[in-house]
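In what follows, a single structure is set out as structure tokens and then discussed.
The values are calculated or read from the model by the stated rules, or taken from the named source; none is laboratory data. Predicted model, so just to flag it, every value in this text is computed and none were measured. Backbone-built Cβ (ideal geometry, glycine too); neighbour counts: all protein chains shown. Surface areas here come from the heavy atoms of the whole protein model, side chains and all, with no ligands, DNA or RNA. Shrake-Rupley method; radii C 1.70, N 1.55, O 1.52, S 1.80 Å.
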Amino acid sequence: MAKNNDVKFFTSVGGQALMEGIMMKGPTKQAIVCRTPDGFITKVEEITPIKDKYPILGLPIIRGCAAFISSMITGVRAMTFSAECLPEEEQEEPGRFERWVNRHFNDKQAEKLLIGCSVFLGIVLAVGLFFLLPTILTGLFNRVTDSRLLKNLLEGLIRIAIFICYLGLATRLKEIARVWQYHGAEHKTIFCYEKELELTVENCRGQSRLHPRCGTSFLFLVMLISILVFSLVSWNSVWMRLLLRLILLPLVLGISYELIKYAGRHDNWLTRIISAPGKALQRLTTAEPDDAMLETAIEALKLVIPEEKEDALW
């Protein structure tokens, strides 16, 4: 979709695809809807924006890191819930660590501990795979060139290549392929809402599955912004470069968040340039959904839409 000329307003409502379900997050509510052979299983929660609790986390740049960590926690919780909704024969057996936690803590404590560990390991994996590994690999070229600019560019290209390969391999998994379909259903439904059309399967079906505010677009933007930011400060020592990457990463996340936020609420030549790489990558992370998936997305979205449209403006 080149332009959003028929979009009536830009909404703050967003979502996440799950295993046989979708999570939608509105200004005051969050809803998880999972589809089972017996019908929908839903979970609706009242939410308070983190900036209302801690105003400093609502400041530009800072809010990018806060939103990233918050979305990871929310995403892990939603994914855990959706996994528990799967038929018993499709659920994975709990691992040794999970069994130990369940034995030594009550349900609420165990949930918090397991989610915390999952988020921590997810961040460590993401930082290690997409930031530290490219820096280490680039260090192998120290004897080939002394150009810091060239090495930073090479590091950025390696980072993007690893990210695309990672997504490509994930797409080969049957379970992930269905998640990508639910991802497409989420985007189509939100577009339908933004165009103020009736939320029906037919209306949602005709919408684009590529959305400028997608998490995929945000992560790819992080990869691109990191090339620019990391080029400002460099070092010949691989270990110093690793340390600088870790120090500058919050700034990269903050800048990327501000850009994706701007692109999500405007439609002009600049926002189309900002959104283009991420939307192209969404062809890997979204797929055309079936009617049942669109019904699931519609049900989740209806549960979080505020009574007044103004409350949902981005």
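Looking at Tyr166, Tyr193 in this structure, which one is among the hydroxyl-bearing types (Ser, Thr, Tyr), within 17 Å of the chain's Cα centre (by Cα) and within 28 Å of Tyr262 (Cα to Cα)?
Of the residues listed, the single one that is among the hydroxyl-bearing types (Ser, Thr, Tyr), within 17 Å of the chain's Cα centre (by Cα) and within 28 Å of Tyr262 (Cα to Cα) is Tyr166.
Exactly one of (1) farther than 21 Å from Ala263 by Cβ; (2) open to solvent by 40 Å² or more (accessible area, probe 1.4 Å); (3) polar (S, T, N, Q) is unmet by Thr74. Its number?
Status for Thr74: all satisfied but (2).
Filter segment 197-229 for residues that are crowded, with 21+ Cβ neighbours inside 10 Å, over 19 Å from Lys302 (Cβ atoms) and hydrophobic (A, V, I, L, M, F, W, C) and give the result.
Across segment 197-229, the qualifying residues are Leu210, Cys214, Phe218, Phe220, Leu221, Val222, Met223.
Please count how many residues of segment 79-110 are over 22 Å from Gly15 (Cα atoms), part of a helix (DSSP H, G or I), open to solvent by 90 Å² or more (accessible area, probe 1.4 Å) and of a type in the set (Asp, Glu). Spell out how you get there, then give the answer.
Residues of segment 79-110 that are over 22 Å from Gly15 (Cα atoms), as a first pass: 87-110.
Subsequent filtering for residues that are part of a helix (DSSP H, G or I) retains 88-90, 96-104, 107-110.
With the extra rule that they be open to solvent by 90 Å² or more (accessible area, probe 1.4 Å), the set shrinks to 88-90, 96-97, 99-100, 103-104, 107-109.
Now restrict to residues that are of a type in the set (Asp, Glu): 88-90, 107.
Matching residues across segment 79-110 total 4.
Pairs only if they're at least six apart or on different chains, beta carbon under 8 angstrom, first in segment 129-157 and within 14 Å of Leu244 (Cα to Cα), second buried (at least 17 other Cβ atoms within 10 Å of the Cβ) and aromatic (Phe, Trp, Tyr); list them, first residue then second.
Within 8 Å, the pairs are Asn152/Phe230; Glu155/Phe230.
Going residue by residue through segment 264-286, is there one that turns out to be modelled with pLDDT of 90 or more and part of a loop (DSSP other than H, G, I, E, B)?
yes
In the set Leu228, Leu259, Leu246, which member is touching a residue at least 40 places away in the same chain (Cβ under 8 Å) and either touching a helix residue (DSSP H, G or I) at 6+ places or on another chain (Cβ under 6 Å) or in a helix (DSSP H, G or I) (or both)?
Result of the check over Leu228, Leu259, Leu246: Leu246.
Out of the residues in segment 238-296 meeting the condition of being of a type in the set (Ser, Thr, Tyr) and buried (at least 19 other Cβ atoms within 10 Å of the Cβ), tell me which one is farthest from Asn142 (Cα to Cα).
Applying the filter and picking the extreme gives Thr296.
Among the residues of segment 44-78, write down those that are in a loop (DSSP other than H, G, I, E, B), in contact (Cβ under 8 Å) with a residue 12 or more places away in the chain and either within 16 Å of Val222 (Cβ to Cβ) or aliphatic (A, V, I, L, M) (or both).
Residues satisfying the conditions are Ile47, Ile61.
Each row is one residue, and each column tells you yes or no for (1) buried (at least 17 other Cβ atoms within 10 Å of the Cβ); (2) at pLDDT 90 or above; (3) among the aliphatic types (A, V, I, L, M).
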| position | (1), (2), (3) |
| --- | --- |
| Gly15 | yes, yes, no |
| Ile22 | yes, yes, yes |
| Ile32 | yes, yes, yes |
| Phe40 | no, yes, no |
| Val44 | no, yes, yes |
| Asp52 | no, no, no |
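If the Cβ limit is 7 Å and pairs must be 6+ apart or interchain, which residue in segment 201-212 that is free of Cβ contacts under 8 Å to residues at least 24 places away in the same chain pairs with which residue that is crowded, with 23+ Cβ neighbours inside 10 Å and not in a loop (DSSP other than H, G, I, E, B)?
Cβ pairs passing all conditions: Asn203/Cys192; Gln207/Lys188; Gln207/Phe191; Gln207/Cys192.
For segment 54-71, name all the residues that are among the β-branched types (Val, Ile, Thr), surrounded by 12 or more Cβ atoms within 10 Å (Cβ to Cβ) and on the phi < 0 side of the Ramachandran plot.
The answer is Ile62, Ile69.
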